[in-house]
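Pasting a structure here, questions to come.
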Amino acid sequence: MKCQGCSSELVVSNIEGIKVLTCHECGGILIHYGELKKIAHPTIGDVDYSSVENMDESRHSKLACPSCGTAGMLDINFVSYSDIAMNYCKECKAIWLEKNTLEQINREIDKINHDKENWEHALSIFLSKLPF
């Protein structure tokens, strides 16, 4: 399977006991729905669902899905209020993480876990879920 970012071959790697496809050239990671919560730092809630909940289906990326070949993966954010970008295939539910995206997600999860008693953080989460 080829990387859609740089055309290198994707290889099987192990992250937190989960087999994922990675690109050793550009650092991208291909996972499927349900695997993000297994490879990311633990937190309350479902990070996979939070990432695809209320996604804007008009935000197509230039990437084709490395898993099923569907053109125009959707640009989504890891949790709606973050600016951490990922690509999602609605057909096969694959998620493409660019280099360092998993590290950014883990930092955000650590912040959520640390700040869950912080009223500003709780308010930003609440406001991000309102349908403006």
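Derivation of every value follows stated rules applied to the coordinates shown; laboratory data play no part. Just so we're clear, the structure is a prediction, and the values are computed from it rather than from any experiment. Note: ideal-geometry Cβ built from the backbone for every residue, glycine included; neighbour counts use all protein chains shown.
Among L127, L63, which comes first, then next, by fewest other beta-carbon atoms within 10 Å?
Listing L127, L63 from fewest to most nearby Cβ atoms yields L127, L63.
Taking R0 as 35 Å, what's the FRET efficiency between L127 and A71 from their Cβ-Cβ distance, rounded to 0.05?
For R0 = 35 Å, the calculated efficiency reads 0.55.
Using the Karplus curve 6.51 cos²θ - 1.76 cosθ + 1.60 with θ = phi - 60°, what ³J(HN,Hα) values do you get for each residue of the stretch 101-110, in whole Hz, with x for Gly and Pro?
Running phi through 6.51 cos²θ - 1.76 cosθ + 1.60 with θ = phi - 60° gives 5, 4, 5, 5, 4, 5, 5, 5, 4, 4 Hz.
At N113 and C92, where each label point lies 7 Å from the Cα along Cα→Cβ, what is the point-to-point distance in nanometres?
Here the modelled spin labels are 3.1 nm apart.
Now for a different question. For the stretch 4-95, what's the radius of gyration and Dmax over Cα atoms, in angstrom?
12.9, 36
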